[in-house]
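Just below is one structure, and these are the notes that go with it.
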Amino acid sequence: MKRSTFLLIAILPFGSFGQQAAQYLNAGYKLFRAADYRAAIKEFSSAIELEPTNNLYYNYRAVTELMAKDYEDATADYSKLISINSRDSAAFSNRALTKIFAKDYKGAIEDCNYALAINPKISASFLNKGLAEYMLKNYETALVDYNRAILVEPKNPIAFVMRGYAKKAMRDIPSAMSDLDSSIVINPNIPVAYFGLGLCYFILKDFDNSIKNISHAIDLRERLTKVRDPEALVGKNLMEYDPNFLIDLMPAGVDNDNYYKFYAEALFRRGRVEEQREDFKAAVADYTKSISLNPDFIDNYICRGIVNSQINNYRDALSDFNKAIELKPDDPLNYYNKAKAESMLSDNKSALIDAEKSIALDANFSEGYYIKGNILFDLKDYKNALIALNKAIGLQSKNPLMYCDRAKIKIHLHDKNGACEDFGRAKDLGYQLASQYIKTFCN
């Protein structure tokens, strides 16, 4: 049952401390609604100094600290509430949620167990416990908790969303989609439900429905209010009150904090779908917007660079691969991609340097030797090109393109028999153009 701020103020003591504490409470309330959480915390702290045993003020401050990502302080305030009332199951459950944000998953599970011992009929405690297990990748245990939450509250949409994500992690895609659909029937305004459906359709390679659901998740999140009401949150099981807390936690975990990174990931996923459909212009647009929201997500640059390469925008691709190297300089694949783009721009000197860097980072990186061999071929250094291709094939013997390219090198080295043998291997491995090369060079 919601409590009215004005009624709460009316029943406070008439002494100066009570009146002054109420003023701090009102000021903090207004600052919270304006999302000025740091300033709101100061006002609630002032109220606590005047009335250090009033659990209402600790509730307000704890919720505000959670919104400000002060997880340690929020945990301390929920602990204070528990010391005031050791039977406060909501305080245990909400302390568990703050611990999940702080990645203390085992501590969260312990708190949920305390909450459930006090009141086994609170679905939010099962949800928080299941979420902690989910973060630990204990998906089967999480599933048990979500099932219990649904038994307690059969129409709880968040329980179906979270169970759907656990099932998706276990690769039970049809059942995951059924749960996500059920959550939408109960509450059609939970973005992560549509996002999860979009990911399921992506796994099933149903790209049209994947785009539809991820797009709807993005549009819905845009429309939802970003203002939370502290009065409605106080003393409640937070996950139960506001399903959009899930945006801060799923599907990528607590490292993907808040709406912007959720939106960025949705755009990235949609871009991947569009790339699969060869709608390259739309893919580049989504990767670009995703980068604007989360500029440190390296996969956006890699994927946009690959798409730009496919549409012959090699200079743009080169810029993306340089950014990928800046973000992850120890990944040989980034130098391989950069070398390919440089090679297409006829900058073989730079391409060769980057190919060598990829090999230096990983001596067993077959693609590094492969691109090095192709660059040396373009430079007419056939002898060293052959050495590089031999190494690439030794590391990856089932790639027909490598045999085909090695055959071309052997032709220039006047090794017709060796070339025809490699064309034959490429054909056996399913490379259809190899048959034409055999007719041209071997008959």
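The values are calculated or read from the model by the stated rules, or taken from the named source; none is laboratory data. Source: prediction; values computed, not measured. Note: ideal-geometry Cβ built from the backbone for every residue, glycine included; neighbour counts use all protein chains shown.
Inspect the stretch 140-148 for any residue being under 21 Å from residue 263 (Cβ atoms) and in a helix (DSSP H, G or I) and give the result as yes or no.
Filtering the stretch 140-148 down to residues under 21 Å from residue 263 (Cβ atoms) leaves none.
No, the conditions are met nowhere in the stretch 140-148.
Among the listed residues 137, 103, 121, which satisfies the condition of being touching a residue at least 60 places away in the same chain (Cβ under 8 Å), surrounded by fewer than 23 Cβ atoms within 10 Å (Cβ to Cβ) and not in a helix (DSSP H, G or I)? Spell out how you get there, then give the answer.
Values: 137 fails: touching a residue at least 60 places away in the same chain (Cβ under 8 Å); 121 fails: touching a residue at least 60 places away in the same chain (Cβ under 8 Å).
Only one candidate qualifies: 103.
Right, residue 99: assigned by TED's automatic domain parsing to the domain that holds residue 116 and not small (Gly, Ala, Ser) or not? Steps first, answer last, please.
Values: assigned by TED's automatic domain parsing to the domain that holds residue 116: yes; not small (Gly, Ala, Ser): yes.
Answer is yes for this residue.
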Notebook entry, point to check: Would it be correct to say that residue 315 is modelled with pLDDT of 95 or more, under 16 Å from residue 335 (Cα atoms) and in contact with a Phe, Trp or Tyr (Cβ under 6 Å, 6 or more places away or on another chain)?
Noted result: no
Notebook entry, point to check: Given the conditions (1) buried (at least 17 other Cβ atoms within 10 Å of the Cβ); (2) in the same structural domain as residue 51 (by TED's automatic domain parsing), which single one is not true for residue 143?
Noted result: (2)
Check: Within the bounds of the stretch 128-149, is there any residue that is of a type in the set (Lys, Arg), at pLDDT below 95 and over 28 Å from residue 73 (Cα atoms)?
Finding: no
Checklist line | Neighbours by Cβ (under 8 Å, 6+ apart or cross-chain): first from the stretch 42-62, at pLDDT 90 or above; second part of a helix (DSSP H, G or I) and of a type in the set (S, T, N, Q) | finding: 44/64; 50/20; 61/45; 62/94; 62/98
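Return yes or no: is residue 382 of a type in the set (Phe, Trp, Tyr), out of contact with any Asp or Glu (no Cβ under 9 Å at 6 or more places or on another chain) and surrounded by fewer than 20 Cβ atoms within 10 Å (Cβ to Cβ)? Please lay out each step first, then the result.
Working: of a type in the set (Phe, Trp, Tyr): yes; out of contact with any Asp or Glu (no Cβ under 9 Å at 6 or more places or on another chain): yes; surrounded by fewer than 20 Cβ atoms within 10 Å (Cβ to Cβ): yes.
In short, yes.
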Next item on the list: Six or more apart or on different chains, Cβ under 8 Å: which pairs go from a residue in the stretch 363-391 that's farther than 14 Å from residue 402 by Cα to one that's not in a helix (DSSP H, G or I)? Could you list them?
Entry: 382/413; 383/413
Note to self: For the stretch 336-365, which positions are in a helix (DSSP H, G or I) and within 29 Å of the chain's Cα centre (by Cα)?
What the structure shows: 336, 337, 338, 339, 340, 341, 358, 361
Next item on the list: Could you please give the count of residues in the stretch 177-190 that are within 19 Å of residue 128 (Cα to Cα), among the aliphatic types (A, V, I, L, M) and either in contact with a Lys or Arg (Cβ under 8 Å, 6 or more places away or on another chain) or in a loop (DSSP other than H, G, I, E, B) (or both)?
Entry: 1
Note to self: The conditions are (1) within 22 Å of residue 102 (Cβ to Cβ); (2) without any contact (Cβ under 8 Å) to a residue 24 or more places away in the chain; (3) assigned to a loop (DSSP other than H, G, I, E, B), and residue 79 fails exactly one of them. Which is it?
What the structure shows: (3)
Note to self: Yes or no: the stretch 66-74 includes at least one residue that is touching a helix residue (DSSP H, G or I) at 6+ places or on another chain (Cβ under 6 Å), surrounded by 24 or more Cβ atoms within 10 Å (Cβ to Cβ), in contact (Cβ under 8 Å) with a residue 24 or more places away in the chain and within 23 Å of residue 92 (Cβ to Cβ).
What the structure shows: yes
Notebook entry, point to check: residue 98 passes all but one of (1) buried (at least 24 other Cβ atoms within 10 Å of the Cβ); (2) under 25 Å from residue 263 (Cβ atoms); (3) more than 23 Å from the chain's Cα centre (by Cα); which number fails?
Noted result: (3)
Check: Of the residues 59, 54, which single one is in contact with a Gly (Cβ under 6 Å, 6 or more places away or on another chain) and over 21 Å from residue 141 (Cβ atoms)?
Finding: 59
Checklist line | Qualifying positions in the stretch 118-161 - under 17 Å from the mean Cα position of the chain (by Cα) and closer than 25 Å to residue 82 by Cβ | finding: 131, 132, 134, 135, 136
Note to self: All but one of (1) within 26 Å of residue 123 (Cβ to Cβ); (2) touching an Asp or Glu at 6+ places or on another chain (Cβ under 9 Å); (3) modelled with pLDDT under 85 hold for residue 193; state the number of the condition that does not hold.
What the structure shows: (3)
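Every residue in the stretch 23-41 that is part of a loop (DSSP other than H, G, I, E, B) and either in the same structural domain as residue 99 (by TED's automatic domain parsing) or touching a residue at least 60 places away in the same chain (Cβ under 8 Å) (or both), please.
Within the stretch 23-41, the first condition is being part of a loop (DSSP other than H, G, I, E, B), and the residues that meet it are 34-36.
Scanning the stretch 23-41 gives a single hit, 35.
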